[in-house]
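The values are calculated or read from the model by the stated rules, or taken from the named source; none is laboratory data. These numbers were taken from a predicted model, which means no experiment stands behind them. With ideal geometry, Cβ positions are generated from the backbone for all residues, glycine too; neighbour counts draw on all protein chains shown.
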Amino acid sequence: MEIIKTQSLIKDYLLGKVRVRALAGIELSIINGEFVAIMGPSGSGKSTLMHIIGCLDSPSEGEYYLDGDLVSKLPKSALAGIRNRKIGFVFQSFNLLPHLNVLKNVELPLMYSGLSARKRKEQASRILDSVGLSDRLKHKPNELSGGQRQRVAIARAIVNNPSILLADEPTGNLDSQAGGDILEIFNDLHKAGNTVIMVTHDRAVAERADRIIEIRDGMIHNGDLAD
Amino acid sequence: MAISLTESVQIGVNDILTRKVRSLITIFGIVLGVMCIMVVLAIINGMNKSTLTWMQERGGTNKVEVQRNWDYDFRQGGYAALTLAEINQIRGELPEALAIGPTIAAWNTTLQYKGFSYTDQVIGVLPDHQQMESWYPEKGRFFNEIDLRENANVIVLGTSVARDLFKNENPLGRSVMLKDQMMTVIGIMKEKVWENPGGGAFGGNALEYMNRQSFVPLSTMMNKIEVGSLIQSIQILAKSPEDALAIQKKLGPVLLRIKNGRPVFRVSSAQETMQQMEQNSKIFSMIFIMIGMISLLVGGIVIMNIMLASIKERTREIGVRLAIGARRTDIFVQFLVQTVLITGLGGVFGIILGYSILDLVSGYLGMPMLAGPQMILVSLLVSVGVGLIFGIAPAVKASNLDPVIALRDE
C-alpha cells in the first residue's frame, strides 16, 4: 500500500518579484515500509519536497496523499496534528531544545498529543532505552556527543509511532563512525516495518536505502517506482 | 487538542528559570509600578481611616460651624460678628438643631499664676460646649447656667495650660489672672490626643491646639474680659450628618439676610470638611496612580520588547516545536503565559517590596498609611493584566512564524 502518493506536485516561491519554481510536477509513490533516499544537488528542490512530505509546507498545485488522506488541501491548523501523529523528523543539526534534558526533549511530541505526564515519561524512557541512551535521561543535549544527540533526535521522532520517519541529512554533522551507527538504527527501524525517507547528497549514505530517488530542477530524474 | 494550561505554566516557569538574570531585569519596571500602586492604595486607605477618626475626635460629623469668611473683603463693609439677639434669631430659624453654641475667642490672651504666664486662646462659651464637642472636664467641673447668669469669674483650663502654669500644683480652686480679672480654676479638660499614624511633618498630636485652650462663661467674656465684644463664631449640633448638611444649606441664606447680604460668614459642616479632605486625598492619589500607571506602561513596553527579542532568539526552538506537532495556539499560549508569569512575578516582588517600604515612605512623607488585603489582590490583578496586554504582540509574532523559515533560522 502507498503511504505517500503525490500527483503533479508544484511549488512556486516568490523571490522578490520573481516567481521561482522549486517543484515542477512531482509524481512520487512510496510504499509502506520502504527505506527511500532522496538525492539531488543543492537547489534541486529536495528540501522543498521534504517540507511538503513533512507537512511543514503546502504545495502550490497538485495533490499529496499521506496514508490515504489528501493532506495537500488541509488548512495549516490541521497540519500540526498530522505532523504530530504521522511524521517523525530527524534534522541534520539535531534540533534538540538545549534547556531541556534528554527525557523532556523526547517527551515533547507526546506532550503536544495530550498524553499525561506519567505516560509520557514511560513511553519516552522506553524509546530512549531502545536507542541505547537509558543512562543519559537527565543529561542536557550539550553534555552528549553528536551521535548521542542524533539518537535522542531519532527517539523523539519515533516516540509517537509515526507513519513515516523523515530524515534530512541525518549524518551530515557526524563522523563516519557515528553516522554509521545512525544508519544502522534507520536500518533496524526499516526492518521493524517503518517507512524511512532520508534526504541526502551523499551517495554512500543513500545507497543504504532500498531505493534512491534523484531530483533535479524540481523533477524526479531517476528512481521512480516505474523505473 | 491543545496542551493544558498547567503544561504551559510549567514550560513558562522552566523558561524563566533558564534565563534568570534576564527575567529579573525584565520584571524591574513592573516591580516599581506595583510598588507605587501598593503605596498609593495604602495612603488612600490610611487617609480615609484617619479622616474618619479625626472627625470623630473632633466631635463627630454632626456639626455645623459658622466662622469669619476669610475670603470676604471686609473693606466693603460689615463685621463678622453677631449679637445675642441675632443668635436668638438664628435659633428661631433652626428648630431642628440639637444645640447652638456661640463662642467668642480671645486670641493671644495671657493667663498669669504666681511668676508664670501662659499665652494662648481663651474662649467664651455656653455650658452646651461640652455636648457640642463631646469634650468634658477630667478634673473639677465645667461652668453651669448659674455661673453664666452671674457672670462668674470661673475658668476651665486645657491640660497644657494647667501643666505649664501650675507645674505639679493642683490648679483646682486657685486663681489665675486674666487681664484685670481674678478667675478661679474650677476644672481641667480631658486631654485631647490624636496621633497622626503617619508621623513626620503632620506627626505629633494633631489636636494639641485644643489642649492649649481655656474656657470662660460667654457672659463673663462679653461683660468683663472683652467688654463689648461680639460673637464671632457659632457651632451647631445636628441630629445626624445628613441633618448637618441640611442645616448648613439653610443657614447660609439666613446669615446673608441678617448681615444685609454681606457674606461675612462662612458656614461649614464637619461632613463637608471631611469630603474636602477626601477630595484632597483623591487628587493626591490620582497623581500617584498616574505615576504607577506610567511605570507599569513603561514596564509593559520593556517586557514586550524583551519578549519580542527573545522570540527572535528562539525562532529555531519555535520551528522545532511546530515541526513535532505544536499548534499555533500552543505557541501563542506558551509565550503569553510566560509574559504573564513574568509580570505576575514582578507583581509579587512589587507587593513584597511595597509592603516593606510602607513604613519608610509613611515616615518620610508624613502620611498615614494602612495596608489591606484587597491591595494585594488589586496589585496582582494589575500586574497580570499588564502581562496579558503586553504579551499579546510577542505571542502573536511567535505563533505566526512559518515552520520552514523558523527551522532554517541560525
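Structure values in brief
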{"read-out": "Test: residue in the stretch A:124-133 that is within 13 Å of chain B (Cβ to nearest Cβ) and modelled with pLDDT of 90 or more", "value": "yes"}
{"read-out": "Counted residues, the stretch B:285-312 - those being farther than 16 Å from B:SER399 by Cβ, free of Cβ contacts under 8 Å to residues at least 12 places away in the same chain and of a type outside the set (A, V, I, L, M)", "value": "1"}
{"read-out": "Matching residues in the stretch B:273-284 - criterion: being surrounded by fewer than 17 Cβ atoms within 10 Å (Cβ to Cβ) and either polar (S, T, N, Q) or within 21 Å of B:SER233 (Cα to Cα) (or both)", "value": "B:GLN275, B:GLN276, B:GLN279, B:ASN280"}
{"read-out": "A:SER47 free of Cβ contacts under 8 Å to residues at least 40 places away in the same chain and within 14 Å of chain B (Cβ to nearest Cβ)", "value": "no"}
{"read-out": "Check on A:MET39, within 11 Å of chain B (Cβ to nearest Cβ) and buried (at least 19 other Cβ atoms within 10 Å of the Cβ)", "value": "no"}
{"read-out": "Residue match in the stretch B:22-35 (condition: touching an Asp or Glu at 6+ places or on another chain (Cβ under 9 Å), surrounded by 14 or more Cβ atoms within 10 Å (Cβ to Cβ) and touching a residue at least 12 places away in the same chain (Cβ under 8 Å))", "value": "yes"}
{"read-out": "All positions within the stretch B:329-376 that are within 14 Å of chain A (Cβ to nearest Cβ) and surrounded by fewer than 19 Cβ atoms within 10 Å (Cβ to Cβ)", "value": "B:THR329"}
{"read-out": "Among (1) surrounded by 20 or more Cβ atoms within 10 Å (Cβ to Cβ); (2) away from every other protein chain (no Cβ under 12 Å), the one test that B:VAL302 misses", "value": "(1)"}
{"read-out": "Scope the stretch B:305-325; condition in a helix (DSSP H, G or I) and within 14 Å of chain A (Cβ to nearest Cβ); matching residues", "value": "B:SER310, B:GLU313, B:THR315, B:ARG316, B:GLU317, B:ILE318, B:GLY319, B:VAL320, B:ARG321, B:LEU322, B:ALA323"}
{"read-out": "Selection status of A:ALA167, hydrophobic (A, V, I, L, M, F, W, C), crowded, with 21+ Cβ neighbours inside 10 Å and within 11 Å of another protein chain (Cβ to nearest Cβ)", "value": "no"}
{"read-out": "Top-ranked residue of the stretch B:40-51 - restricted to ones that are over 24 Å from B:ILE301 (Cα atoms) and of a type in the set (Val, Ile, Thr), ranked as surrounded by the fewest Cβ atoms within 10 Å (Cβ to Cβ)", "value": "B:THR51"}
{"read-out": "Selected residue (criterion: farthest from B:GLU208 (Cα to Cα)) from residues of the stretch B:93-122 that are β-branched (Val, Ile, Thr) and buried (at least 19 other Cβ atoms within 10 Å of the Cβ)", "value": "B:ILE100"}
{"read-out": "In the stretch A:50-74, the residues that are more than 11 Å from every other protein chain (Cβ to nearest Cβ) and aliphatic (A, V, I, L, M)", "value": "A:ILE53, A:LEU66, A:LEU70, A:VAL71, A:LEU74"}
{"read-out": "Of all residues making up the stretch B:1-39, the number that are at pLDDT 80 or above and farther than 17 Å from B:VAL298 by Cα", "value": "19"}
{"read-out": "Members of the stretch A:75-96 that are within 7 Å of another protein chain (Cβ to nearest Cβ) and buried (at least 20 other Cβ atoms within 10 Å of the Cβ)", "value": "A:ALA80, A:ARG83, A:ASN84, A:PHE89, A:ASN95"}
